[in-house]
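A short worksheet on the structure shown next.
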Amino acid sequence: MDDSHQPNDETTWASLSRREKALAAAGMTGLLLGTITALLVALLLGLFAVAAASPRLVEVDGIGPLFWAVALFLPCNALAALFTCPLRWGLRLTGLASRTKRTTEAALSVATTFLAVLFTEYFTPGLRVHHPWLPALLAAFLVALANLGIRPPSRPGAATGADTGADSRP
């Protein structure tokens, strides 16, 4: 068994046959569609959770407006990001401590979600919300909980070189 690596051993896109290229393209397309589907299902479940948690605040004309809300959430999130991105960029340029930056980034994430849900409530046809800020606050809270579940806060004793500002180069 020869473990030496030769430069000619690498497979390039040009060296693949048409069949192999078609299989690779189909695999990447399936991965992309699966990722998009998972994202939309997560958004729809979050929307159902907010609508179920506040039944007297949210009135829906059937199931169609919920799908409209999912479809409009991403553009509304982009609109909300237009308001918070300058703050994020300014935060990255400051010399604040990394813990302060992480906390502020989390707060800006919650604010972006809050604004995105407000915009979605406003632009979705067939969706009537009596107090729009309450479901938006609930959705922002759910996103904050999901973020904590995905990325738990770092412990003070577990500081890395990036957290302490130490130079990690040799």
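The values are calculated or read from the model by the stated rules, or taken from the named source; none is laboratory data. Computed from a predicted structure; not experimentally measured. All Cβ positions, even for glycine, are placed from backbone atoms using ideal geometry, and neighbour counts span all protein chains on display. Accessible surface is based on the protein model in full, side chains and every heavy atom, while ligands, DNA and RNA are left aside. Shrake-Rupley method; radii C 1.70, N 1.55, O 1.52, S 1.80 Å.
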field: For the range 68-141: accessible area per residue (Å², 1.4 Å)
entry: 59 Å²
query: List the chymotrypsin sites (Phe, Trp or Tyr not before Pro) in the range 10-114 that DSSP assigns to loop (not H, G, I, E or B) and whose Cβ has at most 14 other Cβ atoms within 10 Å. Which are they?
result: Trp13
- prompt: Which loop-located trypsin sites (Lys or Arg not before Pro) does the range 45-131 contain, where loop means any DSSP state but H, G, I, E or B and the Cβ has at most 13 other Cβ atoms within 10 Å?
  reply: Arg56
